[in-house]
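Computed from the coordinates by the stated procedures, all read-outs in this text should not be read as laboratory data. These numbers were taken from a predicted model, which means no experiment stands behind them. Using ideal geometry, Cβ is built from the backbone for each residue, glycine included, and neighbour counts are taken over all protein chains shown.
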Amino acid sequence: MKISLLIADDSPVFRHFLKQCIADMKGIEIVGEARDGVDALEKMQALRPDVMTLDMTMPRLDGIQALRAMRRRKIGTKVIVLTSSDEPEAKLVVQALSEGASEFVLKPNGFSGQAKKELSDSLQLLLRSVVRKTKPVARREPARMDRVSRSTSCPDVLAIGASTGGPAALQELFGRLPVSFPLPIVVTQHMPANFLRCFVDRLDHELSQNVCLAEEGMPLDAGAIYFAPGNRHLQIVRQDHALRCHLSDAPPVHHCRPAVDPMFFSLAKLAPLVRTLAVVLTGMGEDGAAGSVALCRSDGYIIVQDEASSVVWGMPGAVVDRGGAHEVVPLENIAENIMNRCLKSP
């Protein structure tokens, strides 16, 4: 079945370029173009596309206003934001993700053949991932490894990995955790530096917990949330009987920096002195799968988001397929399961 796509952008030049990028994608049908937010709403209601690419800065209704109007009118079209990487746009994109956009893709700086290929590559898998045109997702139980952890001890640290769809999932998860959460939380979210900074600032403003970008040597405090900064891997080390952040400029892993696996592997090395509870949320690819297996073998405990509540079930699914998951849980239940683990005897 074909995926129907609506393009919403006020630039006719970029709309033409985007159509060229999508023209050769099998199974993707462009059903319309919109020149502003009002036009986009009208065409969504008339055409009912599966997915829309959305520009943030448009006349009459901008991207944020269009997303809010979609929610009020209960329009179920999936939204992928196309954006530049400057600071004002980054703030708008972070807001758009909290308003219901599935993901964002950076616009290229020009219209060269290379720019066309890069944008096509970024969009092709994402368009297919965010639109489900199949039967309802069947529940999959985790395939257990011979040495999967049976630990019943309270963990010392909560480590979370996320990618596509992660910002909204993280907001919901953190909103369900108690203010007095007893563990430090370390997070690797695939996102460029500008967007990560804006996202962390937004969370720090909205949540009662302290939320920050990790810095070299920063100690981990209970209840605080530490994000891997843009373009650097976050690893956890133990110095002077305290857990601290270590930032690495090592090459990208799974084409990502920061990546989840380096964080998970660093925690696996600290066992048995440090017990890790890990969560793998929605995301494309398989980053975090190998690290989850390593944590399992080091007496860690791994919870993954289920397929039905994930925007993309690449990363969680890869953990399940490799036998690195103890539980497969809907997003709305993950906080409760985390708290159940934290109430275990030390």
Item checked: Shape box of the chain [Cα atoms, principal axes, largest first, Å] -> 60, 40, 39
Notebook entry, point to check: In whole Hz, what ³J(HN,Hα) sequence does segment 282-297 give by Karplus (6.51, -1.76, 1.60; θ = phi - 60°), x for Gly and Pro?
Noted result: 2, x, 8, x, 9, 4, x, 5, 5, x, 5, 4, 4, 5, 4, 6
Check: Quick one: if you stick a label point 7 Å off each Cα along the C-beta vector at Ala250 and Phe111, how many nm between them?
Finding: 4.3
Item checked: Over 25 Å (Cα to Cα) - which of Lys43/Lys117; Lys78/Lys116; Lys19/Lys74 fall in this group -> Lys43/Lys117; Lys19/Lys74
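I'd like the antiparallel share, as a percent to the nearest 5, of DSSP beta bridges with both residues in the chain. Present the calculation step by step, with values, prior to reporting the outcome.
Working: 9 of 52 bridges.
Antiparallel: roughly 15 percent of the beta bridges in the chain.
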Check: With a 10 Å Cβ neighbour count serving as the proxy for reagent exposure, in which order, fewest first, do Cys212, Cys256 appear?
Finding: Cys212, Cys256
Margin query: Rounded to the nearest angstrom and ordered from largest down, what semi-axes does the equivalent ellipsoid of segment 3-130 get from its C-alpha gyration tensor (root of 5λ)?
Written below: 20, 17, 13
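For Ser208 and Cys154, calculate 0.36 nm times their separation in residues minus their Cα-Cα distance, and state this gained length in nm to one decimal. Don't skip to the end; give the middle numbers.
Working: separation 54, 0.36 × 54 = 19.44 nm, distance 2.33 nm.
Separation in residues times 0.36 nm, less the Cα-Cα distance, equals 17.1 nm.
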Check: From the backbone phi of segment 4-13, what are the Karplus-calculated ³J(HN,Hα) couplings (6.51 cos²θ - 1.76 cosθ + 1.60, θ = phi - 60°) in whole Hz, Gly and Pro given as x?
Finding: 8, 10, 10, 9, 10, 7, 7, 9, x, 5
